[in-house]
Amino acid sequence: MTGAGLLAGSRRLLHPGPGRADLAGHTARYGPPPSGLGRLEREALIAEVGRAGLTGRGGAGFPTARKLAAVAAGHAPVVIANGTEGEPASAKDRVLMARSPHLVLDGAVLAAELTGAGRAVIVVHRDVREIVGEAAAERARAGLDQVRLEVRTAAEGFVAGQASAVVRWIQQGVPSPTATPPRLAQRGLRGAPTLVQNVETLAHLALIARYGATWFRSAGTPAEPGTMLVTVLGAVRQPGVLEIAIGTQLGHLLDLADGAPAPLQALLLGGYFGAWAAAAKASGRPFSSAGLADLGAGPGAGLIAALPADACGLGETARIMRYLAGESAGQCGPCRFGLPAIAGQVDRLAAGHDADPGLLRRWLGQVDGRGGCAHPDGAVRLVRSALRTFGADVERHAEGRCSGGPAHMLPVPRGGGR
Amino acid sequence: MTGSARLRVDFIACDGRGLCAAALPELITLDDWGFPIVSSRDVPSRLLGDVRATVRACPRLALRLDARAGGHDRSA
């Protein structure tokens, strides 16, 4: 992350500023976290979170207050802070945990108090394991929390961040999603009602507990209030993580990353499970669910990747799709067999020979919505959006012409696959 | 309850043996890899008996009849 521009769009507080991220610096910046709440105070705070309109920042966007209330209704629940960040192009959770570990831990402790959980498990990407572990140790030495904090290193892999996969990782060391029902809020970690919240969501919770719903809603749109962290990468001068008000116009958002050095062709929005949109169509749009819905896109986990005009969108999509196929947990037939089949067709489209677009569409339809988790649906969304956005390229490639070279813009981990 | 029950597949449990599609072609077909595609419409009441028998017969216990319609939420 570059410090420049982090707060420029919003002047918000997820970033503690230039001071140190240790407990003393954190407390000086934000004040002590609310703690020792009585029953009425807990109920009032959950209601305040509901008024704030906070939603999950991991990609699914579920209302946080509803999840808190559902888990609080159960017996002896547990809280899991999800900092797995399995999306290889995203960095926002790691940046947040490195810069503001105590804000995340405040949120995890608060979530535990609000739900009546005695412990919170903090599952973090290995890059920030040490920072978060030290922050937790610092709190333990200070005797700050009544809740037990355990820091665990997350599993790697694209699907490892899905809530049920995180639970299974902690419980069995297997980072694969499990079937729904039961819902985790009813029966999760070792059968206990389990709250799984993305680490950024918990940081927002820690701020709402201090500053209230009205403050939270002073940024964002009435329907989608607050700020969110985004990762901007690709053809921008200053790639990195930004905190933006939800609904910030995409063109402005690219300006916050110091703009594109060359004309843009398309934007990949949300994540690798997200959607491509033509740059000309998308750049005037607000970065929000409402602003992107008719483009078939959404804010997802906050990824914005800019594809320059001289890069090959089909080639990029083929690389990502090959990666996603390899990242299937392999538990469900349509995903295990369908994603490699689809990836093969996208490869052929990009190579410009032997592609069968009719068969590709048939397979997209046969895979969509037919897994135990969201992985196949996300891969299908990506490929469908590529067919919409790069449709003219499909024709050109079939005629042996490609407007761009391989961009290799989006990171795809080597040795991926399971 | 009748009229609002739908078939669901637990794809983690399913291993594509295909018995269900053979037993209940009115509601279940197979995809190109041999895994069941179930009708997303409500199960007609005249088929409820056959559906229950097919659900019981699945060797992987991967089929179920959901009494209440509606999508499922995977977020929690």
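Since every read-out is calculated from the coordinates, none of them should be taken as a lab result. The shown structure was predicted, so the numbers you read here are calculated from the model rather than taken from an experiment. Reconstructed Cβ throughout: ideal geometry from the backbone, glycine too, with neighbour counts over all protein chains shown.
Between beta-carbons, use under 14 Å as the cut-off and find the net charge around A:G53, counting Lys and Arg +1, Asp and Glu -1. Charge balance in the 14 Å sphere: +3. Positive end of the dipole of the protein assembly as shown (Cβ unit charges, origin at the Cα centre): among A:A260, A:A21, A:L410, the Cα lying farthest that way belongs to A:A21. Taking the longest Cα principal axis of chain A as reference, the axis of helix A:163-172 is set at about 70 degrees. Principal axis analysis of the Cα atoms in the protein assembly as shown yields extents of 65, 58, 40 Å, listed in decreasing size. Between A:Q265 and A:L307, A:A309, the built amide H atoms are under 5 Å apart, and every one of these is 5 or more places off in sequence or on another chain.
The Rg/Rh ratio of segment A:313-398, with both radii computed over alpha carbons and Rh defined as the Kirkwood radius, is 0.95. Remark: segment A:203-217, residue by residue, has Karplus-estimated 3J(HN,Hα) of 4, 4, 4, 5, 7, 4, 4, 8, 10, x, 5, 5, 4, 4, 6 Hz, where x stands for each Gly or Pro and the curve is 6.51 cos²θ - 1.76 cosθ + 1.60 at θ = phi - 60°.
For chain A, the longest principal axis of the alpha carbon atoms and the long axis of helix A:357-367 meet at an angle near 20°. Sequence-ordered 3J(HN,Hα) estimates for segment B:62-67 from the Karplus curve with 6.51, -1.76 and 1.60 and θ = phi - 60° stand at 9, 9, 8, 9, 8, 5 Hz, glycine and proline given as x. Roughly how tilted is helix A:333-351, in degrees to the nearest 10 and between 0 and 90, from the longest Cα axis of chain A? Roughly 50 degrees, rounded to the nearest 10. Placing one identical point scatterer on every Cα of segment A:32-217 and ignoring solvent, what is log10 I(q)/I(0) from the Debye formula at q = 0.12, 0.14, 0.20 Å⁻¹? For the requested q values the scattering log ratios are -0.49, -0.69, -1.50. Computed over segment B:6-66, the range of Cα coordinates on each principal axis works out to 29, 20, 18 Å, biggest value leading.
The amide H of A:G188, built 1.01 Å from its N in the peptide plane, has A:T194 as neighbours under 5 Å, considering only residues 5 or more places off or on other chains. Taking A:D347, A:D310, A:D294 in turn, the Gaussian network model of chain A (Cα-Cα springs below 10 Å) assigns the largest fluctuation to A:D294.
The string of couplings for segment A:34-49 from the Karplus curve (6.51, -1.76, 1.60, θ = phi - 60°) is x, 8, x, 6, x, 4, 5, 5, 5, 4, 5, 5, 4, 5, 5, 4 Hz, one whole number per residue in order, with x for Gly and Pro.
For B:A62, nonlocal amide neighbours, meaning residues 5 or more places apart or on other chains whose placed amide H falls under 5 Å from its own, do not occur.
Measuring r between the beta carbons of A:R361 and A:E43 and using R0 = 51 Å, the FRET efficiency lands at 0.50. By the count of neighbouring beta-carbon atoms within 10 Å, fewest first, A:S176, A:S289, A:S328 end up ordered A:S289, A:S176, A:S328.
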